[in-house]
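Each remark here refers to the structure printed beneath this line.
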Amino acid sequence: MLAAVCLLPIAASAQPDPTTELHAQFTRHLQQAGLPGAVWTVVTPEAGIVTGAAGLSNAETKAGMTPANRVHVGSVAKTVLAMGVLRLVTAGQLSLDTDVATLLPALRFDNPWQATDPIRIRHLLAHTAGLENFRFYQVFSLRAQADTPLDQALGRNSLTVHTRPGARYVYSSTGYHLLGMVIEAVTHRRYEAWLDAELLRPLAMHDSSFAFSTQAGPGADPRLAMGHFENHVAYPAIPVFARPATQFATTAADMGRMARFLMADGTIAGQPFIAPNLMAALSGARDTDAEWAGLQGAHGLALSVRDRHGVIGDCHPGTTIGFQAMLCLYPREGKAFFVAVNADVENADYERFNTLLLDALQLQAARKQASGSPPPADIAGWEGMYVPAWHAVTRLAWIDTVFNVVDVRWDGKRLQLVPFQGKPASLQPAGGMLFQAEGRIAPSHVLLTTDGDRMLSDGLRNYRQVPLATLLWLWTSAALGAAGLLTILFRGGWLLIRGRLRKSSTLALPLAGVLMLFAPIPFFFTQSFMQLGDLTIASGLLAFASIALPCAIAYGLLRLPSRARSLAHPAFDCAALLAAAQWMIVLGAWGMLPFLMWR
């Protein structure tokens, strides 16, 4: 009964998009960007929910996209799942401060702060639990089934907590996987079934579901738009292990209903559904180190603050197999938009769709905040090199640290950020240790001290200052290691061609180890990229090579003293082996070796 009367009628949801110019603009950009199709929703107090579509729902069949097409939305699912958790909190079945370990006793949290700061429900919702984002197998696997139990999908019963819970934003799909497990522990039902019945149906989202749906094979959904990659290559959806964080199919109209509810007071037909205090905390950080330092924004219980194009909204992006999506709310104006493109193309300009919808909403540009006083006199002490303070994939922490460095400098007027990769940024002072990026209307960055580290934060990304000597050591280690491996490859190869590489040579086994690194490459090209997290011939060979290579180098070094007199250049060989060996030790210490992609 509630579902029938909970929301106002949808304006023009079953009619062609009345905004002809918006449809034309979407069509043009889809063609320019080489993308197949898109669906969208704009929500305004005057027109209600207006949906639209352009392009193709399937590039192979040339079927046109319509507002009635269902789409996958990737991590936008997190916002919807969060509302289900808040429904349980409102009903008294959970508390934001519930210790997650008490609900999931089979899991062990390696949390150094457990005595004072256990992981709580609020930390999982706000991405402040300190858990890594995901592991390869949780996203890239063909072994996942639609009904794989969530505890088995997690793949392990011990989770490492990398930062003090509640202190920093650390985006974590693992955290939302745990929320799916929490729902099942509290309701004693599969989380998909409970959310569909107890959240989506009351919100009249009858065309949406957390259940797995795909475009091909048995049980295919004829309304579900096909996902695509570059060059309009179609790719049907497949089950993933990390499904609570990313699995959700919906329509433009249903996302309009969700957007309108998110901007309302939490009631349905005048009856409480989600408590007002919880609705007020959907966006904006609470009690994180960055928030205490004065940076307003970041992620709340369901959404992130997004300062773009002269307006500030509450948003959540999403990416999944063949789709990209964005949901943005502007509660003060009672306006919102949702867009989903059925293609995941690396260099496509998806932001253009957002700007088109913002123009259609005709939001009033916010007044840019005035610059504050200059930063403190000790700003020079904050200059230096900064590296990511957290890593989406812990196994890749070494790569993240070495290649995602940001050089921070104060030029007397502005704070200059020069990343190793990406575009430089120039920040103007905004009072105290706050700074503001070009094009933003509110402070976007802050310098702060937390847990003894000097940090640079934009609320969603955190970097910690490290001594230049540390980075120089890592860079030098990598350069020497690469030089050592290349020397082994070319010198050993030259000796092999000349017939002078005997089995007893110090370079024979190391050369075989280096050559083993190339063995997996053709197999990776012949398998699906969705098997990156599976144990396959390619990943198995890579794992074997990552074990064999350091062993071969160690063997070469052990053989060197007894073979020195018979070698033409023993010192040269020794230097190459030592250079490679030290790099193997460093990579091993960082967890890069052995490289097991399926764990």
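We did not get these values from a lab; they are worked out from the coordinates using the rules stated. Model, not experiment: these values are computed from the prediction. Here the Cβ positions follow ideal geometry from the backbone for every residue, glycine too, while neighbour counts run over all protein chains shown.
Note on residue 152 and residue 585: with the Förster distance fixed at 45 Å, the Cβ-Cβ geometry gives a FRET efficiency of about 0.80.
Only helices enter the 222 nm calculation for the chain: every DSSP H run of n ≥ 4 contributes -39,500 (n - 2.57), and dividing by all residues gives -10000 deg cm²/dmol, rounded to 500. Packing around the peptides 422-433, 117-128, taken as the average count of other Cβ atoms within 10 Å per residue, puts them in this order, highest first: 117-128, 422-433.
Which listed residue (56, 520, 403) has the Cα farthest towards the positive end of the charge dipole for the chain, taking +1 on Lys and Arg C-beta and -1 on Asp and Glu C-beta about the Cα centre? Of 56, 520, 403, it is 520. Within the chain, the proportion of C-alpha pairs whose separation exceeds 46 Å stands at 22%. Derived scalar couplings between HN and Hα for segment 315-324 equal 9, 8, x, x, 9, 8, 4, x, 9, 9 Hz in order, rounded to whole Hz, by the Karplus curve 6.51 cos²θ - 1.76 cosθ + 1.60 (θ = phi - 60°), x for Gly and Pro. Dividing the alpha-carbon radius of gyration of segment 493-582 by the rule-of-thumb value 2.2 N^0.38 Å gives 1.29. Averaged over residues, the count of other Cβ atoms within 10 Å places the peptides 109-116, 35-42, 202-209, 79-86 in the sequence 35-42, 79-86, 202-209, 109-116, highest first. Per-residue 3J(HN,Hα) values for segment 240-247, derived from phi via the Karplus relation 6.51 cos²θ - 1.76 cosθ + 1.60 with θ = phi - 60°, read 10, 5, 8, 5, x, 8, 8, 9 Hz in sequence order (x marks Gly and Pro). Between residue 201 and residue 33, the contour length at 0.36 nm per residue exceeds the Cα-Cα span by 56.8 nm. So how far apart, in nm, are the two label points at residue 143 and residue 535 if each is 7 Å from Cα heading toward Cβ? Going by the 7 Å Cα→Cβ label model, 0.6 nm. Each peptide among 389-398, 282-291 gets the average number of other Cβ atoms lying within 10 Å of its residues, and from highest to lowest they stand as 282-291, 389-398.
For the pair segment 84-107 / segment 171-244, the C-alpha centres are spaced 21 Å from each other. For the chain, the dipole from Cβ point charges (+1 on Lys and Arg, -1 on Asp and Glu) about the Cα centre works out to 1740 debye, to the nearest 20. Both radii are taken from the alpha-carbon atoms of segment 377-466; with Rh as the Kirkwood radius, Rg/Rh is 0.95.
Placing pseudo-labels 7 Å out from each Cα toward the beta carbon at residue 421 and residue 230 gives an inter-label distance of 1.5 nm. Placing unit charges on the Cβ atoms of the charged side chains and taking the dipole of segment 459-599 about its Cα centre, the candidate lying farthest along the positive direction among 552, 592, 471 is 552.
Label point 7 Å out from residue 359 along Cα-to-Cβ: which residues of segment 410-444 have amide N under 15 Å? Counting only backbone N, you get no residues.
Applying 1/(1 + (r/R0)^6) with r as the Cβ-Cβ distance of residue 211 and residue 351 and R0 = 35 angstrom yields a FRET efficiency of 0.65. Gain on full extension, evaluated as 0.36 nm per residue between residue 393 and residue 496 minus their Cα-Cα distance, stands at 33.2 nm.
Spin-label model, residue 21/residue 411: points 7 Å from Cα along the beta carbon direction are separated by 3.8 nm.
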